[in-house]
Amino acid sequence: MTAATAPVVAAAPRFRTGAGRLCLDFLRTLRYRGTLDAIEELPDSAALLAWVVQCGPCGPCDPPDSQPVSDDPAQVRDAHSLREAVYELVTIGHSVGGVASSSFLVRELVNRAAKNPTPVPRVDASGALLWTASDVVSATLSLVARDAIDLVTSSAVNRVRECADESCSALFSDNSRPGNRRWCSMETCGNRAKKSSLRSRSAGH
């Protein structure tokens with residue numbers, strides 16, 4: 001799948017962002033992880049490319065619907081494998097044993113993805129900044145892997161939190177000054193918890 005042959009579909013799905021790190025936003029593409037209600041948000045190449053365009057620096061290279069997105073099941077499987085490796089690396093990196101206790105296979109999956117070329121910046125005729133890559137998916141996933149490595153090998157991993165909403169449990173980087181953020185998003189999980197608390201208090205009166 002390359003920048004020249006993989007346009008974005010017109011009705012691209014909107015993915016959740018705001019986790020504070022690109023690699024943590026990528027983990028959110030498996031919604032309700034570890035539950036019976038788990039939802040795979042990257043089931044095919046079209047969805048994977050849509051995430052890359054929404055969350056990465058490279059925009060669509062061709063007009064929407066100019067041609068169908070070529071399906072590449074192997075690339076989708078590789079993306080899923082990278083996502084799970086990043087998840088394990090981050091969760092282990094946040095544990096007492098640290099990233100050193102992660103498995104060789106997990107580290108190599110992330111290291112291998114990080115070796116791929118990343119998007120390249122250039123200035124167009126209008127003076128605008130553009131990012132290009134021969135393979136926008138591979139290049140953006142390389143950014144994901146590099147971000148994960150940067151996260152787990154720094155003190156920033158100690159700021160990774162799990163959403164207090166048990167039906168969500170998404171990981172996010174708590175960049176607040178006191179470091180006591182509880183929700184991955186106040187607009188969704190935080191607001192839902194607030195409404196639930198209000199209903200409980202009302203029922204008690």
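Things to note:
- Scanning the range 116-123 for residues that are crowded, with 19+ Cβ neighbours inside 10 Å and not in a loop (DSSP other than H, G, I, E, B) turns up nothing.
- Residue list for the range 83-108, restricted to those being aliphatic (A, V, I, L, M) and open to solvent by less than 50 Å² (accessible area, probe 1.4 Å): A85, V86, L89, V90, I92, V99, V106
- Boolean, S169 is touching a strand residue (DSSP E or B) at 6+ places or on another chain (Cβ under 6 Å) and closer than 27 Å to Y32 by Cα: yes
Yes/no per residue for (1) of a type in the set (A, V, I, L, M); (2) open to solvent by 30 Å² or more (accessible area, probe 1.4 Å); (3) at pLDDT 60 or above; (4) within 21 Å of V90 (Cα to Cα):
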{"residue": "C163", "(1), (2), (3), (4)": "no, no, yes, yes"}
{"residue": "E166", "(1), (2), (3), (4)": "no, yes, yes, yes"}
{"residue": "F172", "(1), (2), (3), (4)": "no, no, yes, yes"}
{"residue": "S176", "(1), (2), (3), (4)": "no, yes, yes, yes"}
{"residue": "S185", "(1), (2), (3), (4)": "no, no, yes, yes"}
{"residue": "G190", "(1), (2), (3), (4)": "no, no, no, no"}
{"residue": "K195", "(1), (2), (3), (4)": "no, yes, no, no"}
{"residue": "S200", "(1), (2), (3), (4)": "no, yes, no, no"}
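- Contact map, the range 55-75: first residue charged (D, E, K, R), second residue open to solvent by 60 Å² or more (accessible area, probe 1.4 Å) and modelled with pLDDT of 55 or more, Cβ cut-off under 8 Å, separation 6 or more or different chains; pairs are D71/D44.
The values are calculated or read from the model by the stated rules, or taken from the named source; none is laboratory data. Small disclaimer: the values here were computed from a predicted structure and weren't measured. As a convention, Cβ positions derive from the backbone with ideal geometry for all residues, glycine included, and neighbour counts pool all protein chains shown. Accessible surface is based on the protein model in full, side chains and every heavy atom, while ligands, DNA and RNA are left aside. Shrake-Rupley method; radii C 1.70, N 1.55, O 1.52, S 1.80 Å.
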